[in-house]
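Worksheet for the structure shown next.
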Amino acid sequence: KECDWSSDVCSSDLEEERIASQIITDNADKHHPDIVVFIADASNLKRSLFLCTQIIDLEKPVILALNMMDMAERKNMKINIERLSEKLGVTIIPMNARKKKGTEELKEAIIGIYKEKGQALIHEHRKIDHVIADTKELQAKETVDRYKKISEILEDCIQLDIPARVKPDRKSVV
């Protein structure tokens, strides 16, 4: 694994991303998925949702599994699952994989998509128009716009409960 620590980019990470991208976008690939289950860290959604929204843009069935909900709760984050699901247009399953919470719901969601789409979903090969930005400037604008949209969504769907600090009563201090 070769890493350029100045940019936090590792060559093996880029290769893994290239392979994953090829499999997800190439309907002819023998490993092409019928459904994408995107597992995101609930306590750090902004970072996870960038890639997730790109996958959603491919118009494939996506289930967003929000893992580490316990960590989000420890950070006093209240995620409005229904609102986030509505804004992203995907099924969202809150989970805590370590404690096996939400795994049955995830299985049911996967089965539900297969039942909803019928057997046609299995190995369905459809054309996807790939839009590739010709310049880095367009890619940068798309990245900025995507992060802005993610920020707007999260502001609407997450509430942070930060306890107020209590000042000691001067009379009770000896």
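The values are calculated or read from the model by the stated rules, or taken from the named source; none is laboratory data. These figures come from a predicted structure and were not determined experimentally. Cβ placement follows ideal geometry from the backbone for every residue including glycine, while neighbour counts extend to all protein chains displayed. Just so you know, the surface numbers come from the protein's heavy atoms only, side chains and all, with ligands and any DNA or RNA stripped out. Shrake-Rupley method; radii C 1.70, N 1.55, O 1.52, S 1.80 Å.
The table below lists the values:
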| item | result |
| --- | --- |
| Subset of region 58-97 that is open to solvent by less than 30 Å² (accessible area, probe 1.4 Å) and of a type in the set (D, E, K, R) - its residue that is modelled with the highest pLDDT | 70 |
| Those residues of region 1-52 which are hydrophobic (A, V, I, L, M, F, W, C), in a loop (DSSP other than H, G, I, E, B), open to solvent by 60 Å² or more (accessible area, probe 1.4 Å) and modelled with pLDDT of 75 or more, in sequence order | 28 |
| Of all residues making up region 98-108, the number that are part of a loop (DSSP other than H, G, I, E, B) and open to solvent by less than 40 Å² (accessible area, probe 1.4 Å) | 1 |
| Enumeration of residues in region 34-75 that are over 11 Å from residue 93 (Cα atoms), in contact (Cβ under 8 Å) with a residue 24 or more places away in the chain and among the polar types (S, T, N, Q) | 43, 53, 54 |
| Leading residue by the ranking (least open to solvent (accessible area, probe 1.4 Å)) among those in region 134-163 that are over 15 Å from residue 48 (Cα atoms), modelled with pLDDT of 65 or more and not in a helix (DSSP H, G or I) | 161 |
